[in-house]
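Okay, so here's the structure we're looking at.
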Amino acid sequence: MRNDIRELWQRYESGELDAESAEERVYETLDGFLDALEAGEIRAAEKHDGAWEANEWVKRGILLNFGIRDTAGHEYGGVTYYDVLPLRETTDLPERGTRNTPDGTVLRRGAHIGSSCIMMSPSFVNIGASVGDGTLVDSCNTVGSCAQIGANVKLGANTLIGGVLEPVESTPVIVEDDVTLGAGCRVTSGFVVGEGSIVGENTLLTPRIPVYDLVDEEILYGHLPSNRRAFTRFVESGLGDHDLFDGGAFKPAVVALDVEDDTLAQVEREEALR
């Protein structure tokens, strides 16, 4: 499949392949590619030697599905919508103990949903995203294109996981196993949330905002280490000397501490309620 996608990409890049010229074999390859994404057999990013790396050929396969398909009408909830792809079939979910609530749980074609997951409405999981076993995607959540969400993760209500499809070499947002993100969190631009971390409500995690790790006493960008309790605080900004900022100016930062026993106990109680 990797070789087939690479061949199609070369033809597409050279202008030889488009929606009008694509033969049936091309669409069979692309449909098989989407099936493999949904089954979790291929992923947009994987961890090698402790570091996450994008699978460029997988991201190119996703782009091909947009580049050489025509927009068409599809039915969902009695409404006709227009897109290049239909939504993902969900008939495979019950046999794996996964459930999705009605009126707005949207799983796009090419999204992988693991076993024993809970998908609350309204929520949206985009193409190329992977949601691990036992994960809760709560109401008003978005899991962006190619985002990799681990097993036993809790995404609190109104959480945004950003998508990173292009450039193809860029690693998407990663949320590793056993992470809890409080309501209203935002994780964007390829940020990596380390395994077992607990992130407070309304925290913004992006490579442009520093993480003050008080455990290892270092300042990090783009990565929250494993087993941290993180929350937003404000630190002094260099703009504080400007005449317009009477009383000083401050910028957001993230503070990371050790996960404490009482915090873990709260998470365990929420798991029992689930």
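The values are calculated or read from the model by the stated rules, or taken from the named source; none is laboratory data. All values reported here derive from a predicted model rather than from experimental measurement. We place every Cβ from the backbone using ideal geometry, glycine too, and count neighbours over all the protein chains shown. Only protein heavy atoms, including side chains, enter the accessible area calculation; ligands, DNA and RNA are left aside. Shrake-Rupley method; radii C 1.70, N 1.55, O 1.52, S 1.80 Å.
See the values below:
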item	result
Condition check for Phe191: buried (at least 16 other Cβ atoms within 10 Å of the Cβ), among the aromatic types (Phe, Trp, Tyr) and farther than 21 Å from Arg99 by Cα	yes
Filter result for Val168 (part of a strand (DSSP E or B) and closer than 30 Å to Ala230 by Cβ)	no
Top-ranked residue of region 171-181 - restricted to ones that are in a loop (DSSP other than H, G, I, E, B) and free of Cβ contacts under 8 Å to residues at least 40 places away in the same chain, ranked as surrounded by the fewest Cβ atoms within 10 Å (Cβ to Cβ)	Asp178
In region 31-46, residue nearest to Arg109 (Cα to Cα) [restricted to those that are free of Cβ contacts under 8 Å to residues at least 60 places away in the same chain and open to solvent by 70 Å² or more (accessible area, probe 1.4 Å)]	Asp35
Matching option when the condition is of a type in the set (Val, Ile, Thr) and open to solvent by 50 Å² or more (accessible area, probe 1.4 Å), among Thr91, Thr135	Thr91
Conditions (1) more than 24 Å from the chain's Cα centre (by Cα); (2) of a type in the set (Val, Ile, Thr); (3) assigned to a loop (DSSP other than H, G, I, E, B): number failed by Val235	(3)
Strands (runs of 3 or more DSSP E) enclosed by region 1-92 - at least 2 residues per element that are charged (D, E, K, R) and at negative phi	45-48
Top-ranked residue in region 1-22 [being of a type outside the set (Asp, Glu), in contact (Cβ under 8 Å) with a residue 24 or more places away in the chain and open to solvent by 60 Å² or more (accessible area, probe 1.4 Å); ranked as nearest to Asp35 (Cα to Cα)]	Met1
Of all residues making up region 93-102, the number that are touching a Gly at 6+ places or on another chain (Cβ under 8 Å) and modelled with pLDDT under 95	0
Identity of the residue in region 48-80, under 26 Å from Val193 (Cβ atoms) and free of Cβ contacts under 8 Å to residues at least 40 places away in the same chain, that ends up most open to solvent (accessible area, probe 1.4 Å)	Asp49
Condition check for Glu28: acidic (Asp, Glu), within 19 Å of the chain's Cα centre (by Cα), at pLDDT 95 or above and surrounded by fewer than 17 Cβ atoms within 10 Å (Cβ to Cβ)	no
Test: residue in region 162-170 that is out of contact with any Lys or Arg (no Cβ under 8 Å at 6 or more places or on another chain), closer than 24 Å to Phe124 by Cβ, touching a residue at least 60 places away in the same chain (Cβ under 8 Å) and not aliphatic (A, V, I, L, M)	yes
Among (1) open to solvent by less than 100 Å² (accessible area, probe 1.4 Å); (2) among the hydroxyl-bearing types (Ser, Thr, Tyr); (3) at pLDDT 95 or above - the single one Tyr221 does not satisfy	(1)
